[in-house]
1. Against the definition (within 27 Å of residue 137 (Cα to Cα), surrounded by 20 or more Cβ atoms within 10 Å (Cβ to Cβ), in contact (Cβ under 8 Å) with a residue 60 or more places away in the chain and more than 16 Å from the ligand (Cβ to nearest atom)), how does residue 200 come out, yes or no?
2. Filter region 110-128 for residues that are under 18 Å from residue 167 (Cα atoms) and part of a helix (DSSP H, G or I) and give the result.
3. Does region 84-92 contain at least one residue that is assigned to a loop (DSSP other than H, G, I, E, B), out of contact with any Phe, Trp or Tyr (no Cβ under 9 Å at 6 or more places or on another chain) and within 16 Å of the ligand (Cβ to nearest atom)?
4. Examine region 275-294 for a residue that is modelled with pLDDT of 95 or more, outside the structural domain of residue 331 (by TED's automatic domain parsing) and touching a strand residue (DSSP E or B) at 6+ places or on another chain (Cβ under 6 Å), and state whether such a residue exists.
5. With the structure loaded, tell me whether residue 178 is away from the ligand (no atom under 16 Å from the Cβ) and either modelled with pLDDT of 95 or more or under 22 Å from residue 281 (Cβ atoms) (or both) or whether it fails that test.
6. Look at region 181-197 and say how many of its residues are within 16 Å of the ligand (Cβ to nearest atom) and either modelled with pLDDT under 95 or among the small types (Gly, Ala, Ser) (or both).
7. Taking region 1-15 on its own, how many of its residues are farther than 23 Å from residue 166 by Cβ and either within 16 Å of the ligand (Cβ to nearest atom) or among the aliphatic types (A, V, I, L, M) (or both)?
Amino acid sequence: MDWDAAIRAELKPMVPYAPGLRVSEVRERTGKQTVLKLSSNEHPCGPFPSAVRAMEAVLPRLNRYPDGSASALRRALCERLGVESEHLVVGNGSNEIIRLIAQSLLQPGDEVVFAWPSFVVYPMVTQMFGATAIKIPLTAGEVHDLDSIATAIRDSTRIVFLCNPNNPTGTIYERKEFERFLDNVPSHVLVVVDEAYFEFVQAEEYPDGRTYFDGDRAIAVLRTFSKIYSLAGLRIGYGMLPAPLAAAVHKVREPFHVNTVAQVGAYYSLNDDSEVDRRRKENQEQKAYLYSAFDRLGVSYVPSETNFVYVKTCKPVEVFEALLAEGVIVRDFGTSPALRVGIGTPEDTRITMAAFESVVTRLGSI
Ligand SMILES: Cc1ncc(COP(=O)(O)O)c(C=O)c1O
């Protein structure tokens, strides 16, 4: 077999998604017993207790395939969100829904517009289906430049991805700018609003994507159970999609793409809004502690609406390695002058603050 000729040309320049260092690798490398993984924006606590109980109860029935249409979970989500079931899609992580949307819409010659830096999966799915990525730099304040994104739209544009709040910067665009943007988006373009960190947001001016979803307008809104609900290990997310797009997604998805444990875990996570509120508040408190340490140490950061903070540094490689030596794994972006630091438990915050203190002492200003 001539693999070079056989494998689709679009895949050649791609590199697989890099998940970052594992705790066990860092333990081995540094000899540190206490290692914090603050690099994947996960929640530091386990899933909700009612979800754990329900998931345990379902284990003996895993000889059966999952419910292929995730009917109970979809019904619960529809009720909660006030949307019809023809609009509601669940996925093997919201990541899968991003790919299924791209697979349903994109052909070679199409263009996809998104801010940069933003979620790394947008350029991946664009390239995967032979389309061209148009990356619009964030503003100096690390916020989406929605006017420039609107200006970049052409006849060949098929999708605009908007990550709100944005990963990796934690910033949001506000209601007024979003509404102006929507007024300028032509009807041949699907706007995908990725709200993976929705539940952490506290800003009053945040435009909740659900309120703009009416089933007619070409908007898709995506959310996940991986973050505040602590189900990252199961892979489950959901989206509100225009009905024809949801129907297309059902054609290209695998027959049983969302496993039984994930469906049950997600379903039983939905009845504890007080735990969601508690987690949001605790996240906010820990962020505030971290900000105060950064202010004291002269570390530059971008205030965040999420469970991570974008730290700006002119020594990203050295700081990343120095934090690793302290047993703290953060997300690096190669030589880009920033690192992303996840928010954890109060104990995690204490360790992170001490690690930054030691790194600043060692490296001077960072
Ligand atoms: C902005 C954004 N969208 C989507 C995802 C994917 O989430 P999931 O775990 O639901 O696939 C992530 C995960 O980190 C993310 O940061």
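The values are calculated or read from the model by the stated rules, or taken from the named source; none is laboratory data. Bear in mind the structure is a predicted one, so any value in this text is a computation, not a measurement. Please note: Cβ atoms are built from the backbone with ideal geometry, for glycine as well, and neighbour counts cover all protein chains shown.
1. Considered against the rule, which asks whether it is within 27 Å of residue 137 (Cα to Cα), surrounded by 20 or more Cβ atoms within 10 Å (Cβ to Cβ), in contact (Cβ under 8 Å) with a residue 60 or more places away in the chain and more than 16 Å from the ligand (Cβ to nearest atom), residue 200 comes out as no.
2. 121, 122, 123, 124, 125, 126
3. There is at least one residue in region 84-92 that is assigned to a loop (DSSP other than H, G, I, E, B), out of contact with any Phe, Trp or Tyr (no Cβ under 9 Å at 6 or more places or on another chain) and within 16 Å of the ligand (Cβ to nearest atom).
4. Looking for residues that are modelled with pLDDT of 95 or more, outside the structural domain of residue 331 (by TED's automatic domain parsing) and touching a strand residue (DSSP E or B) at 6+ places or on another chain (Cβ under 6 Å), one finds none in region 275-294, hence no.
5. Yes.
6. So the answer is 1.
7. Total satisfying the criteria: 6.
For (1) under 28 Å from residue 230 (Cβ atoms); (2) in contact with a Lys or Arg (Cβ under 9 Å, 6 or more places away or on another chain), each residue gets a yes or a no:
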| residue | (1), (2) |
| --- | --- |
| 296 | no, no |
| 320 | yes, yes |
| 326 | yes, yes |
| 331 | yes, yes |
| 340 | yes, yes |
| 345 | yes, no |
| 349 | yes, yes |
| 352 | yes, no |
| 357 | no, yes |
